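Enquirer: Mind looking over this structure? Questions follow.
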Amino acid sequence: MTSIYIYSPSGAVRDKAAFKRGIKSLKDMGYEVEIDPAALLSFERFAGDDKERIESVKRAAKSGADIAMITRGGYGLSRILESLPYTSIAKAINSGTSFVGLSDFTAFQMALYSKTQAQTWAGPALLSDFGAQDGPDDIMVSCFEDLATGRGEGTGWRLRSSASKSLFQKGLKNRQSLNIENAVLWGGNLAMVCSLLGTPYFPSIEGGILFLEDIGEHPYRVERMLMQLYHSGALGKQKAIILGAFTDYKLTPQDKGYNFNRVLDFLYQTVKIPLICELPFGHVSRKVCLPFGQIVTLASQENEIFLFWNHKHSH
């Protein structure tokens, strides 16, 4: 039976009903669930003070569980990056524990990879995904089961909007299809990625594939963060950029037609590398699981996009 360790390294769990639903969902799926003793602590906006959350990460690394899953994101991991036991976490991963999460968890993933090159998973969190009011999304559950069983070898999605198709075609530059091999997949929440620029926790990755998502950020703020990555040199070193969901923002009368599509156009004109949208990942119910730090192949067939890992694939 696959075992899952639930812990809270970031924001406090306010929605206890979602917490209970999430635990029940996992158990109903046949998982063995262990809850960290500090999972429901609350200190200011955090799930316990800094020391308590550091200890929760240590316990997750020592748990021996197949999967260590965060309860939720929010904010908090940036405060404790200097004190995390990176060597112990990497050993736990090498021994079979998969660390999975998103949002604030991106800081953990970036720092861990920078220090040890250990691979983690961008994927669901307990409250928002397994504890959703309407139940877990079927596609998300299927992708998580692939992670849990080790069956997953990749994922795929279709470009549906005309804007996404147009940007993708520009990136092909008259080629019939995309085929990028032997690239490190990395990224996550855009704000968290940008927050680590210039620190020891920002991994130096060249020839990678960078995936990004965010929530509650107006398009101009998204553009500003992307330009920060561009000016730092990080974007220009990548083979492709994949954008997931950018949700819960509001345009204003000041924008006068400036929107997210304008950001995408400007980004492509600036970096001039393949820019692929509509990745089913982010602060949305339907999300795939992505192996942060793993070597992948990015390929396409017409408007279908594919990411492959765990084996060599010739498209």
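Enquirer: Report whether or not Gly76 is at pLDDT 95 or above and on the phi > 0 side of the Ramachandran plot.
Expert: yes
Enquirer: Among Ala191, Ala183, which is closer than 18 Å to Thr106 by Cα and touching a Ser or Thr at 6+ places or on another chain (Cβ under 9 Å)?
Expert: Ala191
Enquirer: Here is a further query. Filter the range 107-150 down to the residues that are farther than 19 Å from Val193 by Cα and of a type in the set (A, V, I, L, M), then identify the one that is surrounded by the most Cβ atoms within 10 Å (Cβ to Cβ).
Expert: So, considering only residues that are farther than 19 Å from Val193 by Cα and of a type in the set (A, V, I, L, M), the one surrounded by the most Cβ atoms within 10 Å (Cβ to Cβ) is Leu126.
Enquirer: Oh, and also: Of the residues in the range 1-53, how many are among the hydroxyl-bearing types (Ser, Thr, Tyr) and modelled with pLDDT under 95?
Expert: Qualifying residue count for the region: 0.
Enquirer: Can you pull out every residue in the range 3-38 that is in contact (Cβ under 8 Å) with a residue 24 or more places away in the chain, under 16 Å from Glu145 (Cα atoms) and either touching a Pro at 6+ places or on another chain (Cβ under 6 Å) or surrounded by fewer than 17 Cβ atoms within 10 Å (Cβ to Cβ) (or both)?
Expert: Matches in the range 3-38: Ser3, Ser25, Met29, Gly30, Glu32.
Enquirer: Here is a follow-up. Restricting to the range 72-105, what's the tally of residues that are part of a loop (DSSP other than H, G, I, E, B), within 19 Å of the chain's Cα centre (by Cα) and of a type in the set (Gly, Ala, Ser)?
Expert: The number of residues fulfilling the criteria is 4.
Enquirer: Shifting gears a bit: Show the residue pairs that are 6+ apart or on different chains and have beta-carbon atoms under 7 Å apart, the first residue being within the range 259-287 and touching a residue at least 24 places away in the same chain (Cβ under 8 Å), the second being in a loop (DSSP other than H, G, I, E, B) and charged (D, E, K, R).
Expert: Close Cβ pairs satisfying both conditions: Ile273/Lys239; Glu278/Arg160; Pro280/Arg286; Pro280/Lys287; Phe281/Lys287; Ser285/Asp137; Arg286/Asp137.
Okay, residues lined up against (1) closer than 17 Å to Asp265 by Cα; (2) hydrophobic (A, V, I, L, M, F, W, C); (3) modelled with pLDDT of 95 or more:
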| position | (1), (2), (3) |
| --- | --- |
| Ser142 | no, no, yes |
| Trp157 | no, yes, yes |
| Gly208 | no, no, yes |
| Glu217 | no, no, yes |
| Gln238 | no, no, yes |
| Ile241 | yes, yes, yes |
| Phe246 | yes, yes, yes |
| Thr252 | no, no, yes |
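Enquirer: Same structure, new question: Quick test for you: out of Tyr258, Tyr230, Tyr249, pick the one residue that is farther than 29 Å from Ala148 by Cα, in a helix (DSSP H, G or I) and of a type in the set (Phe, Trp, Tyr).
Expert: Tyr230
Enquirer: Step by step: first the residues of the range 41-59, then only those that are of a type outside the set (Phe, Trp, Tyr) and touching a helix residue (DSSP H, G or I) at 6+ places or on another chain (Cβ under 8 Å), then the one that is farthest from Ile215 (Cα to Cα). Which residue is that?
Expert: Within the range 41-59, the match that is farthest from Ile215 (Cα to Cα) is Lys58.
Enquirer: Which one of these does Ala163 not meet: (1) part of a loop (DSSP other than H, G, I, E, B); (2) surrounded by fewer than 21 Cβ atoms within 10 Å (Cβ to Cβ)?
Expert: Answer for Ala163: the failing condition is (1).
Enquirer: So in the range 166-198, with the set limited to residues that are assigned to a loop (DSSP other than H, G, I, E, B) and either in contact (Cβ under 8 Å) with a residue 40 or more places away in the chain or crowded, with 18+ Cβ neighbours inside 10 Å (or both), which one is nearest to the chain's Cα centre (by Cα)?
Expert: Only one residue fits best here, namely Leu196.
Enquirer: Being outside the structural domain of Ser300 (by TED's automatic domain parsing) and either surrounded by 20 or more Cβ atoms within 10 Å (Cβ to Cβ) or not in a strand (DSSP E or B) (or both) is the requirement here; does Phe202 meet it?
Expert: No.
Yes or no, residue by residue, for (1) surrounded by fewer than 18 Cβ atoms within 10 Å (Cβ to Cβ); (2) touching a strand residue (DSSP E or B) at 6+ places or on another chain (Cβ under 9 Å); (3) not assigned by TED's automatic domain parsing to the domain that holds Ser162:
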residue	(1), (2), (3)
Ile215	yes, yes, no
Ala245	no, yes, no
Asp255	yes, no, no
Asn259	yes, no, no
Thr270	yes, no, no
Ile305	no, yes, no
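Enquirer: Also: Given the criterion of a type in the set (Val, Ile, Thr) and within 13 Å of Ile276 (Cβ to Cβ), identify the matching residue among Ile180, Ile139.
Expert: Just a single option satisfies the conditions, and that option is Ile180.
Enquirer: Ok, one more. Of all residues in the range 151-160 being surrounded by fewer than 16 Cβ atoms within 10 Å (Cβ to Cβ) and touching a residue at least 40 places away in the same chain (Cβ under 8 Å), which is nearest to Phe292 (Cα to Cα)?
Expert: Only one residue tops the list, namely Glu153.
Enquirer: So, in the range 13-38, exactly how many residues are within 22 Å of Ser285 (Cβ to Cβ) and in a loop (DSSP other than H, G, I, E, B)?
Expert: Adding up the residues that qualify gives 6.
The values are calculated or read from the model by the stated rules, or taken from the named source; none is laboratory data. These numbers were taken from a predicted model, which means no experiment stands behind them. Reconstructed Cβ throughout: ideal geometry from the backbone, glycine too, with neighbour counts over all protein chains shown.
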